[in-house]
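To start, the structure itself, in structure tokens.
The values are calculated or read from the model by the stated rules, or taken from the named source; none is laboratory data. None of these values were measured; they are calculated from a predicted model. So basically every Cβ, Gly included, is an ideal-geometry build from the backbone, and we count neighbours across all protein chains shown. SASA here: full protein model, heavy atoms, side chains in, ligands and nucleic acids out. Shrake-Rupley method; radii C 1.70, N 1.55, O 1.52, S 1.80 Å.
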Amino acid sequence: MKLYFSRISTFVLVSIFSVASLANASTIPKPTLVAYWESWGNLKLTDLHESINVVQLAFATTVGESLYDMTFSNGPYVSDAELEADIDILHSQGKKVILSMGGANDPIFLANTTEKNTFVTTMKAILARFNNKIDGIDIDIESTSFDFGTSWTASSPAAGGQQNLIDATKELMAYHSDQTSEHFLLTM
């Protein structure tokens, strides 16, 4: 029996990624207090409250009209070297730093293999830019990121866009593990 859900069901997303996230996931600190670090401000990562132990770099965004070609801006106040040094400090405190992408204003949709490959390549470039010190990704899928058709399912076979995102996430997880010998943190 196939289970069908509304187009914006969080349950579907959790179901889609449960296999990938359980198979190769990093440990989230407990208790966990998560905060976004917004690149358009002038706050350093190390200026965040000491209780925050998972920091989401906000946001990796798409380039132009693309829904798959990713980029990340530190904003005008923090250089790559300063951001990487702050990541090192947070790591020394047992904290995690992940890269958030998507959201209501920047949907992600991988319609085909070419778009999936571009997404993976550009995400790897962002991770490599910070010497693969980012611990994982946060996928904030909203709006047109859900454009899988009028009826879609969490069971097999997944819609093409769903499967491409699952495959891309698995590739990023494997890349991170290959580069760091550590597990990749995946949140949604």
Check: On the given criteria, is K116 charged (D, E, K, R), in contact with a helix residue (DSSP H, G or I) (Cβ under 6 Å, 6 or more places away or on another chain) and surrounded by fewer than 19 Cβ atoms within 10 Å (Cβ to Cβ)?
Finding: no
Check: If we keep just the residues of the range 127-165 that are part of a loop (DSSP other than H, G, I, E, B) and modelled with pLDDT of 90 or more, which is most open to solvent (accessible area, probe 1.4 Å)?
Finding: N131
Checklist line | Hits in the range 166-180 - residues which are more than 15 Å from N132 (Cα to Cα), open to solvent by less than 40 Å² (accessible area, probe 1.4 Å) and not hydrophobic (A, V, I, L, M, F, W, C) | finding: T169
Notebook entry, point to check: Of all the residues that make up the range 67-92, how many are in contact (Cβ under 8 Å) with a residue 40 or more places away in the chain and open to solvent by less than 20 Å² (accessible area, probe 1.4 Å)?
Noted result: 6
Next item on the list: Spot the failing condition for V97; the list is (1) crowded, with 20+ Cβ neighbours inside 10 Å; (2) farther than 22 Å from P29 by Cβ, and only one is missed.
Entry: (2)
Check: Out of all the residues in the range 93-124, which are touching a residue at least 24 places away in the same chain (Cβ under 8 Å), part of a helix (DSSP H, G or I), under 16 Å from the mean Cα position of the chain (by Cα) and more than 15 Å from M173 (Cβ to Cβ)?
Finding: T118, T122
